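K.L.:
One structure, pasted below without further comment.
The values are calculated or read from the model by the stated rules, or taken from the named source; none is laboratory data. Remember, predicted model here, so these are calculated numbers, not experimental data. Please note: Cβ atoms are built from the backbone with ideal geometry, for glycine as well, and neighbour counts cover all protein chains shown.
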Amino acid sequence: MSASIPRLSDPAVLLIDAQPGFAGAIGEGEGDGRGSPRPDLAPVFLRLEKLLVMADCLELPTIATFERPELNGWLSEACETVWPAHGMRFVKRSYDCCGEPEIAQAIAETGRRQLLVAGAETDVCVLQSVLALLARGHDVFLLEDCLFTSEPCPGPALRRMEAAGASPCTLKTAYYELQKTVAVWDDPAALGPRWQRLLPLFGEPERWPAWSGPVGPDGPRG
């Protein structure tokens with residue numbers, strides 16, 4: 001575990017298996033990434049979409065992994081729409097994304113020690129990937145409002161990642177920590193064109209649908 005709690009400053013984004021198949025996709029398109037997640041996951045998928053908007057506008061290195069996309073689909077339609085042009089996508093077979101040399105190399109080549117981690121499933125692929133990333137010396141900021149799983153009680157997995165050194169975080173917290181100053185609201189150009197573009201697209205997190213805790217198949221639970 002790190003001797004001190006890191007401050008978020010220059011991250012990359014790692015989106016692990018945020019696929020409709022792991023979200024209980026319903027309706028037409030359920031095998032091609034365009035199925036709708038179950039209703040209780042709407043706040044999570046909105047945040048996943050906003051995370052990609054932030055990654056695109058701020059040009060954060062972005063990597064997405066996919067497990068058995070022929071069965072679980074790719075990204076949701078909304079996330080596909082905002083997928084960053086510079087983003088990298090990989091299909092994996094290992095639960096731990098670092099178990100795939102190509103993915104581990106891509107993460108290393110971002111040159112970023114800090115990682116914003118989101119996706120599914122909290123207690124399987126996210127857990128195993130985060131433990132490996134921490135062992136490799138990364139500062140992991142675990143976006144808990146951007147995680148989901150089929151497990152009714154994901155709390156133990158979250159506690160294990162935190163005990164190993166992951167920093168619990170939310171997308172709202174990450175957004176404001178990177179923003180640093182309220183001055184940008186008075187002068188949108190104050191932080192440069194990237195933030196000027198991001199502000200209207202990201203919106204106000206306080207107005208998003210409420211998120212109340214780690215999400216399993218029965219809704220938010222700890």
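K.L.:
In the range 105-127, how many residues are at positive phi and surrounded by fewer than 22 Cβ atoms within 10 Å (Cβ to Cβ)?
P.N.:
Start the filter on the range 105-127 by keeping residues that are at positive phi, which leaves 111, 119.
Next, only the ones that are surrounded by fewer than 22 Cβ atoms within 10 Å (Cβ to Cβ) stay: 111.
Matching residues across the range 105-127 total 1.
K.L.:
Could you check the range 68-90 and list, in sequence order, the residues that are under 16 Å from Ala55 (Cβ atoms) and among the basic types (Lys, Arg)?
P.N.:
Arg89
K.L.:
Conditions first: (1) at positive phi; (2) touching a helix residue (DSSP H, G or I) at 6+ places or on another chain (Cβ under 8 Å). Leu133 passes all but one, so which condition is the exception?
P.N.:
All conditions pass for Leu133, except number (1).
K.L.:
Hey, Val184 hits all of (1) modelled with pLDDT of 95 or more; (2) not in a loop (DSSP other than H, G, I, E, B) but one; which does it fall short on?
P.N.:
Val184 satisfies all of (1) modelled with pLDDT of 95 or more; (2) not in a loop (DSSP other than H, G, I, E, B) except (1).
K.L.:
Looking at the range 51-68, which of the residues that are of a type in the set (D, E, K, R) and surrounded by fewer than 21 Cβ atoms within 10 Å (Cβ to Cβ) is farthest from Glu144 (Cα to Cα)?
P.N.:
Arg68
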